[in-house]
Structure formats: C-alpha cells, structure tokens
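Read the structure below first, then the notes.
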Amino acid sequence: MWYTYAYNYIFLQECTVMKKLRIGSVGLGGMGSFHQENYAHMDNVEVVALCDIIEERAVEIKDTLFPNAKVYTDYKEMIDNEQLDAVDISTPNYLHSPIAVYALEHGMHVFCEKPDSVSVEDAEKMRDAAEKAGKVLMVMRNNRYFENSRYIKKFIDEGKAGQFYAGRCCWIRRRGIPGKGGWFTTKAMSGGGPLIDLGVHMIDLSMWLMGNPKPVAVSGCTYTVFDKNEAKSDSEHSNFGDKVEGGTFDVEDLACGFIKFDNGACLQIEFSWASNIEKETRFVELRGTKAGFHWDGDGTIDIFTEWDEWGRGGTTDIRHKCDMGNGHARNQAHFVDVVLNGTKPDFVPQQGINMIKILRAMYKSAETGKEVLL
C-alpha cells in the first residue's frame, strides 16, 4: 500500500504546483510596475509574459523580477501566443476596454487598473465580454483593502452606523499634476483629469461603505486653471506618467459635484490635481442614523456616535489609527483568490459601469450647467 500513499502524495504535490495563475501583464510604467512587484511576492502567481510599447521597460522588469518571462510590445501577439490564465492591464485609460475585451474573448480572466474605461459603452463591452466568456473581470479598487477601510466596514456591517443618508469625499492636491502634457492630461487618452483619476478612488470607497446604492442623478462643475503653468509639485503622486514639455492639457484640474442615490442618500465630491489650498488631503466622511465617521488617507478612522458598543447613551467618539497596508497587493491577491478558488468577488463589473456613469454625467453637467439624470 506504500506506493498508493506515495502516488497520492505526489499527485497532491503536483496539484499544488499546478495551482498557479499564469499572468501576462500589459503596461509596465507607473502602476504597472507596482503590480509586478506585488505579483513577485505571490506564491500562487506566475508572470509568464510582459508587454509594453517601450520594450526597455518590459526587459528591465523581466531582468529584475521574472527572468523566465517573455517580452512583447504588442498585447495581441502576447495573448495569441501565450497560454495565459489571466491578463493584467495598466495602460493609459483609453486602452483598458479594448485590451480587456480581447483578452476575455480569448478565454482569459482580466484584472485592470482603474478607471474601468473612458466611456459607459466601453465599460459595458467589458462586462458583456466577461459574461459571455464566463471569466472574472475585476478593476482595481485598492482603497477597499486598506486597514482603516476594513475596520470601518466591519463596524458598518455589524449595524452600528445605521442607515447612511449623507456624506462627502475628496482628494485634493495643492500641486500635483501627473504627466503634464502626456496622456494623463490628454482627454482622448485619459477621459478626463482628477475626476476620473482620483475620483474613482474616493467615490468607490464611499459607495462601497454605503452599501453600493444606485446613483440616480449627478451635478457638477469642472475648472482648468493650471494648464499653462504650475509651481513645483508637492505630491509624490505627480510622478506618475511621462511629462511632455508643451504637450496637450485639455482636461480639468478641479472638479466639484453632487451625487444622489436611489435610497435618498447624497454624496458631495471634490477632486483636484492643483488648487490653492493648504495641503494635499483625501478623506471620506459619511453620516449615518446611528453613527458617522471620518476616514483619512493617513490611516485614521474617527467614529462619532451617541451610543457605545454596549448600547449605552451619551456621546462616544472613537479614534482608530493603523498602518494602512498595501491595498493594491491585497486587491490583486483577492483577484487571484477569486479565479483560483472561486471566492466571492468583492467587485462586480456593474459597479464599474455605475462609476463611469457618474463620471461621464459629471462632465456632461459641467458642460450644460444642468443636473444629469442617470
């Protein structure tokens, strides 16, 4: 019988080895390089192909992290030639949908950087392709995976906040325009400025904590003030993208707006790459019938309530401070877990479609001066 046990042991070992997600990554500058660093630390992932229009980027990551990976400059060639389980996308925004759809149509799962796409139609194409192929489509929502986000989500899910009815969120920078003159500031490639760049993060976190209510109306204003000049950046985030001297700048640098939801709740929003303010700030503040809270980008959660955890009355404020952790890595690990183990996904494509509907409606409202119904 010893050989039966030995065979079973070897079989189990082989199954364990085989249970790795074979990934091909497209777009290796900026966030794409961070994705690869995260994958390099995941035992259940094998990055087998790297693709970037700048071949040197792919070669550098290959040499540094994945010596056995193949290098490509054409994503279709990579998808056609490699036996991939999934494709990771970190390209300029306008390429998210066509690459995702091509990968899904070729039977591959997709993990994509935010935003989902630059138009509602493109986001719907991604969802439809995923449903038709029966594959997982997930878009980066890293703020959901920070420690302070998980802490307050647990508080909310336990019913301690009650029903949320109003809130506000922002990510505003004093000076922090990414890749000025390049694709970030070119509407045809990015889809917009800080609203589509930063807004996805804070709006999604707000809506996720609110229970993902359906948006029904949007109004807003956008402004372009710093297109001609900008003082020296004071934001590390402005290092993303390649700057082009004298290049295109046809997007907003400030967006302010208001979202109404089907349950009667509302959300004020504000996002800027450059503003004459004190300092860069990002937060989410929601007000519930039992408690409200303030989420801060430094890892702090402040909870404001009249009831303590034992149900006793009297104003009780709670402060929780934590190391936020690597939200990107945790989001990527969740995607891998969903694909390999069938774990229920935290994100579904319809949430992405709702997000792009909000952003496009904001831009339309800014152009027309009127509220836009969804």
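Evaluate the following for SER149: is it among the small types (Gly, Ala, Ser), within 20 Å of the chain's Cα centre (by Cα), within 29 Å of ALA291 (Cα to Cα) and open to solvent by less than 10 Å² (accessible area, probe 1.4 Å)?
Yes: the conditions hold for SER149.
Here are the criteria: (1) open to solvent by 10 Å² or more (accessible area, probe 1.4 Å); (2) more than 22 Å from the chain's Cα centre (by Cα). Tell me which single one ALA217 does not satisfy.
Just one mismatch for ALA217, condition (1).
Filter the stretch 220-246 down to the residues that are in a strand (DSSP E or B) and either surrounded by 17 or more Cβ atoms within 10 Å (Cβ to Cβ) or basic (Lys, Arg) (or both) and list them by number. Walk me through how you get there before you give the answer.
From the stretch 220-246, those in a strand (DSSP E or B) are 220-223; that's our starting set.
Within the stretch 220-246, GLY220, THR222 qualify.
Do you know which residues across the stretch 161-214 are open to solvent by less than 20 Å² (accessible area, probe 1.4 Å), β-branched (Val, Ile, Thr) and more than 16 Å from the chain's Cα centre (by Cα)?
Result: ILE177, THR185.
Only one of (1) closer than 21 Å to VAL251 by Cα; (2) touching a helix residue (DSSP H, G or I) at 6+ places or on another chain (Cβ under 6 Å); (3) not small (Gly, Ala, Ser) is not met by LEU374, so which one is it?
Just one mismatch for LEU374, condition (1).
Looking for something assigned to a helix (DSSP H, G or I) and at pLDDT 95 or above - is there at least one such residue anywhere in the stretch 132-141?
Filtering the stretch 132-141 for residues assigned to a helix (DSSP H, G or I) gives 132-133.
So of that shortlist, the ones also at pLDDT 95 or above come out as 132-133.
Scanning the stretch 132-141, I find at least one residue that is assigned to a helix (DSSP H, G or I) and at pLDDT 95 or above, so the answer is yes.
Pairs needed: first member in the stretch 280-300, over 18 Å from GLY199 (Cα atoms) and part of a strand (DSSP E or B); second member anywhere, among the aromatic types (Phe, Trp, Tyr) and open to solvent by 40 Å² or more (accessible area, probe 1.4 Å); C-beta distance under 6 Å; at least 6 residues apart or different chains.
The qualifying pairs are GLY292/PHE304.
Could you tell me how many of the residues in the stretch 229-248 are hydroxyl-bearing (Ser, Thr, Tyr) and modelled with pLDDT of 85 or more? Show your work before the answer.
In the first step, residues of the stretch 229-248 are kept if they are hydroxyl-bearing (Ser, Thr, Tyr); the result is 233, 235, 238, 248.
Imposing the further condition that a residue be modelled with pLDDT of 85 or more reduces the set to 248.
Residues in the stretch 229-248 being hydroxyl-bearing (Ser, Thr, Tyr) and modelled with pLDDT of 85 or more: 1 in total.
One line per residue, one yes/no per condition, for (1) among the hydrophobic types (A, V, I, L, M, F, W, C); (2) in contact with a Cys (Cβ under 8 Å, 6 or more places away or on another chain); (3) within 19 Å of GLU113 (Cβ to Cβ); (4) surrounded by fewer than 19 Cβ atoms within 10 Å (Cβ to Cβ):
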{"site": "LYS321", "(1), (2), (3), (4)": "no, no, no, yes"}
{"site": "ARG330", "(1), (2), (3), (4)": "no, no, yes, yes"}
{"site": "PHE335", "(1), (2), (3), (4)": "yes, no, yes, no"}
{"site": "LEU340", "(1), (2), (3), (4)": "yes, no, no, yes"}
{"site": "LYS364", "(1), (2), (3), (4)": "no, no, no, yes"}
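Determine if the stretch 172-191 includes at least one residue that is more than 30 Å from ARG330 (Cβ to Cβ), of a type in the set (Phe, Trp, Tyr) and touching a residue at least 12 places away in the same chain (Cβ under 8 Å).
No, because not a single residue in the stretch 172-191 is more than 30 Å from ARG330 (Cβ to Cβ), of a type in the set (Phe, Trp, Tyr) and touching a residue at least 12 places away in the same chain (Cβ under 8 Å).
Yes or no, residue by residue, for (1) open to solvent by less than 10 Å² (accessible area, probe 1.4 Å); (2) more than 14 Å from the chain's Cα centre (by Cα); (3) without any contact (Cβ under 8 Å) to a residue 12 or more places away in the chain:
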| position | (1), (2), (3) |
| --- | --- |
| LEU84 | no, yes, no |
| ILE99 | yes, yes, no |
| GLU105 | no, yes, no |
| PRO115 | yes, no, no |
| SER119 | no, yes, no |
| ASP122 | no, yes, no |
| ASP128 | no, yes, yes |
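For (1) touching a helix residue (DSSP H, G or I) at 6+ places or on another chain (Cβ under 8 Å); (2) of a type in the set (Ser, Thr, Tyr); (3) not in a strand (DSSP E or B), each residue gets a yes or a no:
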{"position": "PHE271", "(1), (2), (3)": "yes, no, no"}
{"position": "ILE303", "(1), (2), (3)": "yes, no, no"}
{"position": "ALA329", "(1), (2), (3)": "yes, no, yes"}
{"position": "PHE335", "(1), (2), (3)": "no, no, yes"}
{"position": "THR343", "(1), (2), (3)": "yes, yes, yes"}
{"position": "GLY352", "(1), (2), (3)": "yes, no, yes"}
{"position": "LEU359", "(1), (2), (3)": "yes, no, yes"}
{"position": "TYR363", "(1), (2), (3)": "yes, yes, yes"}
{"position": "LYS370", "(1), (2), (3)": "no, no, yes"}
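Which count do you get for residues in the stretch 62-89 that are in a loop (DSSP other than H, G, I, E, B) and more than 18 Å from LEU21 (Cα to Cα)? Can you show your working first?
Filtering the stretch 62-89 down to residues in a loop (DSSP other than H, G, I, E, B) leaves 65-69, 73-74, 82-85.
Imposing the further condition that a residue be more than 18 Å from LEU21 (Cα to Cα) reduces the set to 73-74.
The total comes to 2.
Out of contact with any strand residue (DSSP E or B) (no Cβ under 8 Å at 6 or more places or on another chain), modelled with pLDDT of 95 or more and open to solvent by less than 50 Å² (accessible area, probe 1.4 Å) - does that describe any residue in the stretch 251-262?
The initial filter retains those residues of the stretch 251-262 that are out of contact with any strand residue (DSSP E or B) (no Cβ under 8 Å at 6 or more places or on another chain), namely 251.
Restricting the remaining residues to those that are modelled with pLDDT of 95 or more gives 251.
Pick out the ones that are also open to solvent by less than 50 Å² (accessible area, probe 1.4 Å) and you get 251.
Yes, the stretch 251-262 has at least one match.
The values are calculated or read from the model by the stated rules, or taken from the named source; none is laboratory data. None of the values given here were measured: they were computed from a predicted structure. Neighbour counts run over all protein chains shown; Cβ positions are idealised from the backbone, glycine included. Ligands, DNA and RNA are excluded from the accessible area calculation, which covers all protein heavy atoms including side chains. Shrake-Rupley method; radii C 1.70, N 1.55, O 1.52, S 1.80 Å.
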